[in-house]
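What follows is one structure encoded as structure tokens, with my remarks underneath.
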Amino acid sequence: MAQKQQDQELLQYESRIKVPYTWSVGEVGSRFLMELKENRKIWATRCPSCDMVFVPPKKTCTYCFSDIHEWVEVKDEGVLQTFTVVRYETPLIPGKPPYIIGIIMLDGADTGLVHLIAGVPHDKVKVGMRVKAVFEEKRKGHILDINHFKPI
Amino acid sequence: MNGVEDITIIGVGQTAIEREKPADTFADMAYEAVTKALDDAGMSIDDIDNIVTTSNDFWDGRTISSMAVNDAVGAGLGKNITTVEGDGTFSAFYGMCRILSGSYKNSLIVTHVKGSISDNIHITNGIFDPIYMRPIGLDSLNTAALQMRRYMAKYGISEEQCAKVSVKNHANALKNPYAQIKKTFTLEDVMDSRLIADPLKLLDCSPISDGAAAVIISGEESAKKHKNAVKVRGVGYCADAYFLGDRDLADANALDMAASRAYESAEIVDPLSEIDVAEVYDAFSYMELMWYEGLGFCAPGGGGKLIDRGVTEMDGKLPVNPSGGLLSGHPVITGGLIRLIEACLQVRGDAGDHQVKGVKTALAHGVNGACGQSHCVWIVGR
């Protein structure tokens, strides 16, 4: 690919960067994801100092830096705090646009879970709507073992 | 050397912000900004005793990208050069701290980015946690949309109020020779522009841009009498939670804290009355309204009314983004440093056609991270 500026050809090169990574999920994250896979349950951690309940679970409290060891189950349904209807196509999301992303405050949790919203026309989604997790039939220990949240 | 009261900004330089600069390498852009800043300060590279370069490896497409421009920024052989990955306001903060350490006298801060050369959706997806957030397809656009909706829902802010920011800043950009987009847009143009991710529309979003910028910060006693001397009166820096669900996206708590620190140092009690002009990080229209609140120009939720009342227009009580802001050109990384440069030019009276009259105190604001995760606030003045 070349462009011309005055008499000089301007060259450009295409990148060939493609670097594989293997990320450790960690003990806490692995337990959370395996509960999704094995039991279709959503587990959180609770800070012993400030009582905040984290989903996804944290090993260290965001708010007070305490070590967290206590696990609590939260419900697989909650309240939609915000959402967007994404209109552009991206290979990063399965399916065609428009698709909906939301932040859900699950019952029993103090932090929001970012996830996909589906099973509703995009002009019917509302902040404050109650939604429930729809699990994949075949689960592999991944955040997308919850396929999406649907309004109830 | 005691504190920020001994710090002076004496040179600034920026390239034109453009959609793409196919004729320029990263080094070409950095060199242009650096030589402009040196010329502005009336200095040679020999007067600089340390350099802070700033870039992002994902945007550049190479690792340790900040070290790859060392020849173009005059680091030569043996000069102390260090790097920051983040917004330019943070590297300026670091450059200032190096002087305050007592080890250096003159810091050269350089930032560069090319948004044009890769895929912004992929790059900004890389901001997020790979286990829980990336698989959802998050990127800078759709997370901004989540924040905009949350902000509107919590405080009753309207899409029109957000759109007014875009109208104002684009109008201001007509008078800034460095701006990328110089075009007048009406409220209807913004409201009718293509939906990107509801409620974000195309003209609520800053464009993809290339650009570089540089500033020279001095701790020399003689710098206080330099023809360009702009005094640093206060700087504050604060970061919020990384996970989006760990904070209420409607509130700019980290900015509130960063601003409070800067105001305390600058002895500012009522920012709306005491600051004459502000350059803030308007990556998206709604953000400018949120930043009004975080900066204490109004109470939380008051950003919509502030723009309705015209307070932040060029002829208002506190003009915000007379340069046209990022909505008129957004080289990431460089974005905040340009805000600082513009604030300095306003204090000097050198802002040209977009000069605000009688500026004694100016505010510059930089952001790094998704949905305004971290903020740096500078108060500069005569």
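Please treat every number below as a calculation from the coordinates, not as lab data. These numbers come from a predicted model, not from an experiment. Counting neighbours? That spans all protein chains shown, and the Cβs are built from the backbone with ideal geometry, glycine included.
Condition first: closer than 30 Å to B:K21 by Cβ, surrounded by fewer than 13 Cβ atoms within 10 Å (Cβ to Cβ) and in contact with a Pro (Cβ under 8 Å, 6 or more places away or on another chain). Can you find one or more residues in segment A:7-22 that meet it? It would help to see each step written out before you state the result.
Initially, segment A:7-22 is screened for residues closer than 30 Å to B:K21 by Cβ, giving A:7-19.
Adding the requirement that they be surrounded by fewer than 13 Cβ atoms within 10 Å (Cβ to Cβ) leaves A:7-9, A:11-19.
Restricting the remaining residues to those that are in contact with a Pro (Cβ under 8 Å, 6 or more places away or on another chain) gives A:12.
Within segment A:7-22 (the criterion being closer than 30 Å to B:K21 by Cβ, surrounded by fewer than 13 Cβ atoms within 10 Å (Cβ to Cβ) and in contact with a Pro (Cβ under 8 Å, 6 or more places away or on another chain)), the answer is yes, since at least one residue qualifies.
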What are the pairs with Cβ atoms under 8 angstrom where one residue, in segment B:241-260, is within 12 Å of chain A (Cβ to nearest Cβ) and without any contact (Cβ under 8 Å) to a residue 24 or more places away in the chain and the other, located anywhere, is of a type in the set (A, V, I, L, M) and crowded, with 22+ Cβ neighbours inside 10 Å? Sequence gap at least six, or different chains. B:G245/A:V55; B:G245/A:I103; B:G245/A:L113; B:G245/A:V114
Scope segment B:150-196; condition free of Cβ contacts under 8 Å to residues at least 12 places away in the same chain and touching a Leu at 6+ places or on another chain (Cβ under 7 Å); matching residues: B:S193, B:R194
Some residue of segment B:81-88 being touching an Asp or Glu at 6+ places or on another chain (Cβ under 9 Å) and more than 24 Å from B:H375 (Cβ to Cβ): no
How many residues are in contact (Cβ under 8 Å) with a residue 40 or more places away in the chain and either assigned to a loop (DSSP other than H, G, I, E, B) or more than 8 Å from every other protein chain (Cβ to nearest Cβ) (or both) if we restrict to segment A:71-93? 6
Which one is surrounded by the most Cβ atoms within 10 Å (Cβ to Cβ), of the residues in segment B:220-244 that are in contact with a helix residue (DSSP H, G or I) (Cβ under 7 Å, 6 or more places away or on another chain) and in a loop (DSSP other than H, G, I, E, B)? B:D240
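Take B:G86 and decide whether it is small (G, A, S) and either away from chain A (no Cβ under 14 Å) or at positive phi (or both).
Working: small (G, A, S): yes; either away from chain A (no Cβ under 14 Å) or at positive phi (or both): yes.
In short, yes.
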Among the numbered criteria (1) loosely packed, with under 13 Cβ neighbours inside 10 Å; (2) in contact with a Lys or Arg (Cβ under 7 Å, 6 or more places away or on another chain); (3) under 18 Å from A:V134 (Cβ atoms); (4) among the charged types (D, E, K, R), which single criterion is violated by A:K37? (1)
Kindly establish whether A:D67 is away from chain B (no Cβ under 12 Å) and either without any contact (Cβ under 8 Å) to a residue 24 or more places away in the chain or within 23 Å of B:P130 (Cβ to Cβ) (or both). yes
When you scan segment B:106-219 for helices (runs of 4 or more DSSP H) that lie fully inside it, which ones turn up with 2 or more residues that are facing another protein chain (nearest Cβ under 10 Å) and under 30 Å from A:I146 (Cβ atoms)? B:120-125, B:140-155
